[in-house]
Each structure stands twice: as C-alpha cells, then as structure tokens.
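A.B. asks: Please find one structure pasted underneath; my questions will follow.
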Amino acid sequence: MAEPLVATFSIAACDPEAQQWGVAVQSKFLAVGSVVPWAEPQVGAIATQAYANPGYGPDGLALLREGLSAAEVVERLTSGDEGRDERQLGVVDAAGVAAAWTGSSCLDWAGHRTGHCYSAQGNILVSGATVDALAETFEATADTPLADRLLAALSAAQSAGGDRRGEQSAALRVVQRNGGYAALSDVLVDLRVDDHRHPIDELARLYELHQQLFGRTPERLWLPLEGELRAEVDERLSGLGYDSLDAWAGVENLEERVSGDEAIDPVVLDALREASA
C-alpha cells in the first residue's frame, strides 16, 4: 500500500523548563493528525509528512528512547528507507536539539528550518515564507506555554501563505509526564480537526474549550469561599439541585478545576454563575 501524500506544514518542538514536547500541523489532507504528530515526554517530538512514512513516528521515538540524538534519528530513519527522497521529517530530542530532512523529490515549495527546541517544515507550500513564519513565531513567543506557541506558529504560517492547495485539517498534540487528565496520563493536549474549511481557527476554538475544562488557574488567584461568596455559591448550587461544588463540577466536566472546598477557581465560578443565571 502506498504511503499517504501528506503535503503540509508542521512544527515539532519542546519546552525544556516545562518538560513538554509537542507537534502542531495543518494540511490539505483528511485527518492529518492521524499521521504526522508523534511525541513522548522526556523522549522527543516527531513530525512525518510529504509521502509520509508513518513508521517514522514510533520507530523514531524508539530510537530517541535509546539515547540517539535528533540528527542520528533522522540519519537512521532515512538511510534505511528507499523512499527517503519523497519524505519530510522533523525531530526534536530530549535535550531540545532539532534535526530535519526534506527529500529531493518533495513537491515545491518544500523545505525546513531548525533552531533551539524546534523543527519547522513544509511541502507543497505557497513559498518558504510559511516555514519562516513557523520558526520566527515560535522564537518570538518563548514566554508562553508550548501549546499556545504551537498554535500561534500555525496561525502565522497560514497567514504567510500556507499549503498552496488550501486548508482541510489540523492537529495539536502536547505531552508532559503525568500532565494529562487526573495526572494519570502523559497527554496534556490532543486535539484534532479532521475536515473543516478553516481548521486552524477551529483548532484554536477547541483549545480554548480544552483550557476552560482542563486548564488550571494559579491557586494564588483562586477566591476564598467565605462570607457572601460562600453564600452565593451554596445558593446557586442548591438552585441547580446540588449539595456540593464537587458534585456539580463533575457533571459539568470541570472536576480538574476543583480542589477542596475552601477556595474556588474563577473559571469555575463564572461557569456556575452562567449555569444558574
């Protein structure tokens, strides 16, 4: 079976301080998130595209896990692949070192750019400005969370031209050891838009919803549940038929934003007020 032609632009990256690795991607290709992005905490992130070899994902992570550098992984994967001239690959290793490959037969415009903690790559693009926008936006947003940086890079790349065939799907995957749901998963963010006229905009909408449900406001910004606020919260919960904040939050998928009964996350308070208005 022939490999899928995943003509696209993507960025594989990491945030060493937060110990996060991730990939963001957009393509004129159905469900690009099922092929391109691969990541494992403390191991690395990989994007495989063009006439994609999906095996580059798991095989590359296995090599990174063995301690090979990003450059060594790119060399190992491509040297043993007869179809390497049609492949495109970006790898970021556990140390934040990046390496990439753009085969000589990838369709124009095709190329890549690497830097500290990122590899940006694309093929069948309007121009190289798309990859430049990925790289430059990532470099300019170092003070923001990795998922936000990846989304910003995608948006900038699309504005710079993007895939010359148009838009169809996009995906965002970020991993962190025990950073996922209930601290029982390494998947911090895993969102896909499989078929949409404006997939990056839709991906941003989903990410905003994800953050509302699963993000976390710093506890120093939580509001003490005492006095008038305590009375208000109890009244609103009672009006909705609940005797505790935990019970209501669990039904509303906000349980990740509740911890004890002494303070309340402002996001939870806003949601409670809206639900009981």
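The values are calculated or read from the model by the stated rules, or taken from the named source; none is laboratory data. Note that the coordinates shown come from a computational prediction; the quantities given were computed from them, not determined experimentally. Cβ sites come from the backbone with ideal geometry, for glycine too, and all protein chains shown count toward neighbours. The area values use the complete protein model at the heavy-atom level, side chains included, leaving out ligands, DNA and RNA. Shrake-Rupley method; radii C 1.70, N 1.55, O 1.52, S 1.80 Å.
A.B. asks: Given 4 °C and 1.567 mPa s, how large is the Stokes-Einstein diffusion coefficient of segment 148-188 in µm²/s, with Rh as the Kirkwood radius over Cα pairs?
C.D. replies: Result for D is 107 µm²/s.
A.B. asks: Let me check against my output: what whole-number percent is the relative contact order of segment 116-274, with C-alpha pairs under 8 Å and at least 6 apart?
C.D. replies: 16
A.B. asks: Test of understanding: express the Cα radius of gyration of segment 25-123 as a ratio to 2.2 N^0.38 Å, with N the residue count.
C.D. replies: 0.96
A.B. asks: Any idea what the dipole of the chain comes to, in debye rounded to 20, about its Cα centre with Lys/Arg Cβ at +1 and Asp/Glu Cβ at -1?
C.D. replies: My answer is approximately 920 debye.
A.B. asks: Heavy atoms only, probe 1.4 angstrom, no DNA, RNA or ligands counted: give me Trp101, Trp222 ranked by accessible area, highest first.
C.D. replies: Final ranking, largest accessible area leading: Trp101, Trp222.
A.B. asks: Name the residue farthest towards the positive end of the dipole of the chain from the options Gly161, Val268, Leu61, assuming +1 on Cβ of Lys and Arg, -1 on Cβ of Asp and Glu, about the Cα centre.
C.D. replies: Final value for the positive-end residue is Gly161.
A.B. asks: Looking at segment 44-107, which GluC sites (Glu not before Pro) are in a loop (DSSP not H, G, I, E or B) and have at most 11 other Cβ atoms within 10 Å?
C.D. replies: When the GluC sites (Glu not before Pro) of segment 44-107 are filtered for loop state and at most 11 Cβ neighbours within 10 Å, Glu66, Glu82 remain.
A.B. asks: What is the percent carbon and sulfur in the accessible area of segment 13-108, measuring with a 1.4 Å probe over the protein chains and ignoring ligands?
C.D. replies: C and S fraction of accessible area: 48 percent.
A.B. asks: In whole Hz and in residue order, list the ³J(HN,Hα) couplings for segment 51-64 that follow from phi through the Karplus curve 6.51 cos²θ - 1.76 cosθ + 1.60, θ = phi - 60°; x for Gly and Pro.
C.D. replies: 6, 5, 9, x, x, 4, x, x, 5, x, 5, 4, 5, 4
A.B. asks: While we're here: Between Glu17 and Ser244, what is the spin-label point distance in nm, taking each point 7 Å from the Cα along the Cα→C-beta axis?
C.D. replies: 3.8
A.B. asks: With no solvent and one point on each alpha carbon, what is the Debye value of log10 I(q)/I(0) for segment 148-277 at q = 0.22 Å⁻¹?
C.D. replies: Relative scattering, expressed as log10 I(q)/I(0), comes to -1.22.
A.B. asks: Quick check on packing: order 254-266, 31-43 by the mean number of other C-beta atoms within 10 Å, highest mean leading.
C.D. replies: 31-43, 254-266
A.B. asks: Per-residue HN-Hα couplings for segment 217-226, Karplus 6.51 cos²θ - 1.76 cosθ + 1.60 at θ = phi - 60°, whole Hz, x for Gly and Pro?
C.D. replies: Those phi angles translate into 6, x, 4, 5, 9, 5, 9, x, 8, 8 Hz.
A.B. asks: Okay, moving on. Summing Lys, Arg as +1 and Asp, Glu as -1, what charge do residues with Cβ under 12 Å from the Cβ of Leu154 carry, Leu154 excluded?
C.D. replies: -4
A.B. asks: Suppose R0 equals 25 Å. What FRET efficiency, 1/(1 + (r/R0)^6) with r the Cβ-Cβ distance, do Glu235 and Glu208 give to the nearest 0.05?
C.D. replies: Working: r = 29 Å, r/R0 = 1.16.
Once the sixth-power term is evaluated, E becomes 0.30.
A.B. asks: Please report the relative contact order for the chain, taking Cα pairs under 8 Å with a sequence separation of at least 6, and give it as a percent rounded to a whole number.
C.D. replies: Answer for the chain is 17 percent.
A.B. asks: Here is a further query. Based on C-alpha coordinates, I'd like the Rg and Dmax of the chain, in Å.
C.D. replies: 21.0, 71
A.B. asks: What number does segment 103-219 give for Rg over Rh if you use C-alpha atoms and the Kirkwood radius?
C.D. replies: That ratio equals 1.00.
A.B. asks: Give the shape of segment 211-277 as rounded, prolate or oblate, defined through the alpha-carbon gyration tensor: a ≥ b ≥ c are the square roots of its eigenvalues, a/c under 1.5 means rounded, and otherwise the shape is prolate if a/b is larger than b/c and oblate if not.
C.D. replies: It is oblate, given that a/c is not under 1.5 and a/b is not larger than b/c.
A.B. asks: Cα atoms only: what Rg and Dmax, in Å, come out for segment 48-100?
C.D. replies: Over segment 48-100's Cα set, Rg and Dmax evaluate to 10.1, 29 Å.
A.B. asks: How large is the dipole of segment 230-277 about the Cα centre if only Lys and Arg carry +1 and Asp and Glu carry -1, each at its Cβ, rounded to the nearest 20 debye? Don't jump to the answer; show the numbers that get you there.
C.D. replies: Details: 4 positive and 13 negative charges, 27 e Å.
In total the dipole reaches around 140 debye.
A.B. asks: Tell me, what is a quarter of the convex hull surface for the C-alpha atoms of segment 99-165, in nm² with one decimal?
C.D. replies: With every direction weighted equally, the projected area is 4.3 nm².
A.B. asks: Please work out how much accessible surface His210 shows to a 1.4 Å probe, ignoring ligands, DNA and RNA, in Å² rounded to 10.
C.D. replies: Only protein atoms counted, so the area is about 30 Å².
A.B. asks: Now for a separate question. Counting only protein heavy atoms, what percent of the accessible surface of segment 141-180 is carbon or sulfur at a 1.4 Å probe?
C.D. replies: Summing carbon and sulfur atoms, their accessible area is 41 percent of the total for segment 141-180.
A.B. asks: Over segment 87-241, average the accessible area per residue using a 1.4 Å probe and give it in Å², no decimals.
C.D. replies: Counting only protein heavy atoms, the per-residue value for segment 87-241 is 48 Å².
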